[in-house]
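Here the structure comes first, spelled out in structure tokens, and everything after it is commentary.
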Amino acid sequence: MKISVIGTGYVGLVTGTCLAETGNDVLCIDIDANKVKQMQSGKVPIYEPHLDVLFERNIKADRLKFSTSLTEGLDHGEIIFLALPTPEDDDGSADLSYVLGVAKEIGKHIKDYKVIVDKSTVPVGTSDKVKAAISNETDVEFDVVSNPEFLREGFAVDDFLKPERIVIGSSSERATNLMNKLYKPFVRSGNPILIMDERSAELTKYAANSFLAAKITFMNEIANFCEKVGANVDMVRIGMGTDSRIGKRFLFPGIGYGGSCFPKDVKALHKSGQESNHDFEILSSVIKVNSKQKTILIPKILDKYNSDLDGKTFAIWGLAFKPETDDIREAPALYMIDELLKRGAKINVFDPEAMPNVKRKYGDQLNYTSNMYDAIMGVDALIICTEWSIFRTPNFSKLKDNMKAPMIFDGRNLYDTIEIENEGFNYVSIGRKSV
């Protein structure tokens, strides 16, 4: 099938590349000429495990191409994916200006029947707005479909190629048949393609992300309570996770969630509720608690140093909002950095992938190190903000020999409290007794 993908951000590039991998002829469109030129030369502009292999293979096979021309994209594809940014507005709502702007241009240039697919995460009713924006400019027949993505950064390629489910919001039999044909190779193992109305599909994505954010936030609340009553959140988590109604995933406490999805989607659903005179009280709490959780280690750090961080040097391991990505959007590490800098601390940082993005934000305010051990040289304490696997089994002797003091503040509970005590460290984590 001939597919066009408008927008080559995280979702668009993964979508286009993975659709090409199953034999489709894919043309990706982006207004950034430098980015398009970079991709045409075979360079992936984002970090995502395994994406580079598929990207290179499909470019060589001439199944994956790039252009800056929207009209070229419209002429090429029978299915047109809109994978455009929907940034958070000042009031928490999703900004649809990119989506609706492109929809208007599609209306001006469409020549024959197309299926227009909303791949971006959008509020309920967006498909109607896209349909109206196109219809205002043309009499050509088309259909608008909602097809939300469920891609986890760090696992996006696997999630696309082997989806747990595919959600298609469509009221058109013709469009539904084309979408079923497109996705059939991805569900050979029997995972479902769920057909529903457009509004239900749009809400499904927001509801799923908001539920997971609430689950994470609940465990963070439990962890904070554990510290007050002397319980161990690790034991509580295991006890809860063995209940099949709850499950083991998303029960790990820490310094809050970040990224491009959970913070934005929770706020957007909350705002949509307000616009429909519905108060999402649980989401109000999730937003409030997560904001506080991102800097939950700061009071513990201040307590350790009698509220005086001026001249102290800290190492931070992990800058991305989660492992296996270079995405720093809403990353808890950034909130920690801001608080430490505000109090006069010096900071050495290391992350396997995210340091270029952090350097663009902070410039020479931080000391960027080439490896995890360079970061801890002569520091007063180590702070862990992201649970990259390379941080899980460090050389503790090397840490102790090169740090000014054997002090670790762990925002991701990477180490066993007894083992870390035996290694000779003072250790502060989340929801567990400090040692």
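The values are calculated or read from the model by the stated rules, or taken from the named source; none is laboratory data. The model shown is predicted, which means the values in this text are computed figures rather than measured ones. Quick reminder, even Gly has a Cβ in these numbers, built from the backbone with ideal geometry, and neighbours come from all protein chains shown. What goes into the accessible areas is simple: the full protein's heavy atoms, side chains included, and nothing from ligands, DNA or RNA. Shrake-Rupley method; radii C 1.70, N 1.55, O 1.52, S 1.80 Å.
Taking 8 Å as the Cα distance limit and 6 or more residues as the minimum spacing, I'd like the relative contact order of region 185-338 as a percentage.
On the way: 143 pairs, mean separation 35.6, N = 154.
Rounded, it is 23 percent for region 185-338.
Using only the Cα atoms, what convex hull volume per residue in Å³ does region 350-435 have? Before the final figure, lay out each step's value.
Numbers: hull volume 8.3 nm³, N = 86.
About 96 Å³ per residue, rounded to a whole number.
Rounded to the nearest 10 degrees, what's the angle between the helix 10-21 long axis and the longest principal axis of the chain, both from Cα atoms, 0 to 90?
Helix 10-21 sits at roughly 60 degrees to that axis.
Can you give me the convex hull volume of the Cα atoms of region 54-191, divided per residue and expressed in Å³? Walk me through the intermediate numbers first.
Numbers: hull volume 19.3 nm³, N = 138.
Convex hull of Cα atoms, per residue: 140 Å³.
Note down the Stokes-Einstein diffusion coefficient of region 235-359 in µm²/s, whole number, using a Kirkwood radius over alpha carbon pairs, 20 °C, and 1.002 mPa s. Can you show the working numbers first?
Working: Rh = 16.7 Å.
Translational D for this selection: 129 µm²/s.
With each run of n ≥ 4 DSSP H residues scored as -39500 (n - 2.57), what mean residue ellipticity at 222 nm is computed for the chain after dividing by its residue count and rounding to the nearest 500 deg cm²/dmol?
Values: 18 runs with 188 residues, N = 435.
The helix contribution divided over the chain gives -13000 deg cm²/dmol.
Heavy atoms only, probe 1.4 Å: what % of the accessible area of the chain goes to carbon and sulfur, would you let me know?
On the way: 9670 of 19660 Å².
Its accessible area is 49 percent carbon and sulfur atoms.
Counting pairs of alpha carbon atoms under 8 Å apart in space and at least six apart in sequence, what relative contact order in percent does region 110-245 give?
Reported relative contact order: 24 percent.
Which values of log₁₀ I(q)/I(0), to two decimal places, follow from the Debye formula for the chain at q = 0.09, 0.12 Å⁻¹ with a uniform point scatterer at every Cα?
-0.64, -1.04
Under 13 Å from a label point 7 Å along Cα→Cβ of E137: give me every residue in region 51-92 with its amide N that close.
70-75
Under a 10 Å cutoff between Cα atoms, tell me which one of S370, S244, S307 has the largest fluctuation in the Gaussian network model of the chain.
S244
Test of understanding: express the Cα radius of gyration of region 2-87 as a ratio to 2.2 N^0.38 Å, with N the residue count. Don't jump to the answer; show the numbers that get you there.
Working: Rg = 11.4 Å, N = 86, 2.2 N^0.38 = 12.0 Å.
In units of the globular-protein estimate, region 2-87 measures up at 0.95.
Test of understanding: express the Cα radius of gyration of region 125-261 as a ratio to 2.2 N^0.38 Å, with N the residue count. It would help to have the intermediate numbers written out before the result.
Numbers: Rg = 19.9 Å, N = 137, 2.2 N^0.38 = 14.3 Å.
Against the empirical 2.2 N^0.38 Å value, I get 1.39 for region 125-261.
Count the net charge of all other residues whose Cβ sits under 11 Å from the Cβ of L96, scoring Lys and Arg as +1 and Asp and Glu as -1.
In short, -2.
Quote the relative contact order of the chain in percent (integer), defining contacts as alpha-carbon pairs under 8 Å separated by 6+ residues.
Working: 861 pairs, mean separation 50.2, N = 435.
The value is 12 percent.
Once amide H atoms are built 1.01 Å from N in the peptide plane, which residues 5 or more positions from K346, or in another chain, come under 5 Å H to H?
For K346, the qualifying residues are G311, K312, T313, F314.
Taking the 0 to 90 degree range and rounding to the nearest ten, how far is the long axis of helix 97-109 tilted relative to the main principal axis of the chain, both from C-alpha atoms?
20 degrees
If one takes the longest principal axis of the Cα atoms in the chain, at what angle in degrees, from 0 to 90 and to the nearest 10, does the Cα axis of helix 51-60 lie?
30 degrees
Taking the Cα centre of region 107-220 as origin, work out the dipole magnitude from +1 charges on Lys and Arg Cβ and -1 charges on Asp and Glu Cβ, in debye rounded to 20. Don't skip to the end; give the middle numbers.
Numbers: 16 positive and 16 negative charges, 59 e Å.
The dipole magnitude comes to about 280 debye.
What are the residues whose amide H is under 5 Å from the amide H of V117, where those residues sit 5 or more places off or on another chain and H is modelled from the backbone?
So V117 has HN proximity to I80, F81, L82, V145.
Can you work out the accessible area per residue across region 69-193, with the rest of the protein chains kept in place, probe 1.4 Å, in square angstrom? Kindly include the intermediate steps, with their values, before the conclusion.
Numbers: 5480 Å² over 125 residues.
Heavy-atom accessible area per residue stands at 44 Å².
From the phi angles alone, apply the Karplus equation (6.51, -1.76, 1.60; θ = phi - 60°) to region 166-177 and give each ³J(HN,Hα) in whole Hz, x where the residue is Gly or Pro.
Per-residue couplings from phi come out as 10, 9, 10, x, 8, 10, 10, 5, 4, 5, 4, 4 Hz.
So how compact is region 86-148: Cα radius of gyration and Dmax in angstrom?
11.8, 38
Give me the dipole magnitude in Debye, nearest 20, for the chain about the Cα centre, with unit charges on the beta carbon: positive for Lys and Arg, negative for Asp and Glu. List each step's numbers first, then the result.
On the way: 54 positive and 62 negative charges, 139 e Å.
Value, rounded to 20: 660 debye.
For region 110-135 and region 1-70, write down the distance between their C-alpha centroids in whole Å.
22 Å
In whole Å, what are the Cα extents of region 236-279 along the three principal axes, biggest one first?
So the three principal-axis extents are 39, 23, 13 Å.
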